[in-house]
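*Asks:* Shown below is the structure under consideration.
We did not get these values from a lab; they are worked out from the coordinates using the rules stated. Keep in mind that what you see is a predicted model, and the values were worked out from it rather than measured. Cβ: placed from backbone, ideal geometry, glycine included. Neighbour counts: every protein chain shown.
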Amino acid sequence: MEQKNYYGYARVSTGEQNIDRQTNAFLNIGIPKTHIYADKLSGKDFERPQYKKLLKKLDQNSVLYIKSIDRLGRNYFDLNEQWRIITKEKKADIVVIDMPILDTRQEKNLLGTLISDIVLALLSYVAENERINIKQRQAEGIAAAKARGVKFGRPQIELPENFPEISERWIRKELTLRQAAAACRMAESTFFEKVKKEKKKDRG
């Protein structure tokens, strides 16, 4: 019997989130650091560079560990499809640390497979619903904030006192764009955009 190769896959949605809790769980099991793959990307699909690298490594002698099912993905159909690819096409095993029943090394009989499939379908459905709910809560939060007058995006740059005079001189070609922008302490592109905006206001 060939020796098994153990891998870990970790994922967080943004670069600000900490991935250590997941990677430490793999290291504690004894998975080599070089066999741990991690993405800092949304779980909405599987277009993730580290996941794709990992997938190429998996074969019938591989065991893939994930901390929880939503770390693998949150899209119901894609998640089930990737599980099928890993277990059926690659013939690798998967172990979900937080859900021991999802361990394809156990209960290879028909009943065990059926139970695992049902649990996987339920958990991936929950993960997908949570993703949808998060997006809905974010949209509702933004709408409520806008209703309260909260402004999103970059704060508007205050125009310097000399802007009207300098912009008029630039329009009359008494100053170059570089000279005008420097006089207003702005980037050339910013000065140009501000002049266009002010002219629109005047016409309105």
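*Asks:* Ordered by residue, what ³J(HN,Hα) values in Hz, to whole numbers, does the stretch 42-47 give under the Karplus form 6.51 cos²θ - 1.76 cosθ + 1.60, where θ = phi - 60° and Gly and Pro are x?
*Replies:* Taking θ as phi minus 60°, the curve returns 4, x, 5, 8, 10, 7 Hz for the stretch 42-47.
*Asks:* Tell me which residues come under 5 Å, amide H to amide H, from L175 once H is placed; ignore anything under 5 positions away on its chain.
*Replies:* Those qualifying (amide H under 5 Å, at least 5 residues apart or on another chain) are W170.
*Asks:* Using the Karplus curve 6.51 cos²θ - 1.76 cosθ + 1.60 with θ = phi - 60°, work out ³J(HN,Hα) for each residue of the stretch 88-99 in order, rounded to whole Hz, and write x for Gly and Pro.
*Replies:* 9, 7, 7, 6, 8, 9, 10, 10, 9, 4, 7, 9
*Asks:* K4: which lysines have alpha carbons under 24 Å from its alpha carbon, excluding same-chain residues fewer than 8 sequence positions away?
*Replies:* Here the lysines satisfying the reach criterion relative to K4 are K33, K52, K53, K56, K57, K67, K88, K90, K91, K108.
*Asks:* Separate question: Which cross-chain or sequence-distant (5 or more) residues have an amide H under 5 Å from the amide H of Y6, H modelled 1.01 Å from N in plane?
*Replies:* V63
*Asks:* Counting Lys and Arg as +1 and Asp and Glu as -1, what is the net charge of the other residues whose Cβ lies under 12 Å from the Cβ of E81?
*Replies:* Taking every Cβ under 12 Å from that of E81, the sum is -1.
*Asks:* Sticking with this one: Would you grab the residues whose amide H sits under 5 Å from the one on I94? Only those 5+ places off in sequence or on another chain, please, with H modelled 1.01 Å from N.
*Replies:* Excluding prolines and chain starts, which carry no amide H, the hits are L64, T104, R105.
*Asks:* Using each residue's phi in the stretch 161-172, evaluate 6.51 cos²θ - 1.76 cosθ + 1.60 at θ = phi - 60° and report the 3J(HN,Hα) Karplus result to the nearest Hz, with x for Gly and Pro.
*Replies:* Taking θ as phi minus 60°, the curve returns 4, 8, 4, x, 5, 5, 5, 5, 5, 5, 4, 7 Hz for the stretch 161-172.
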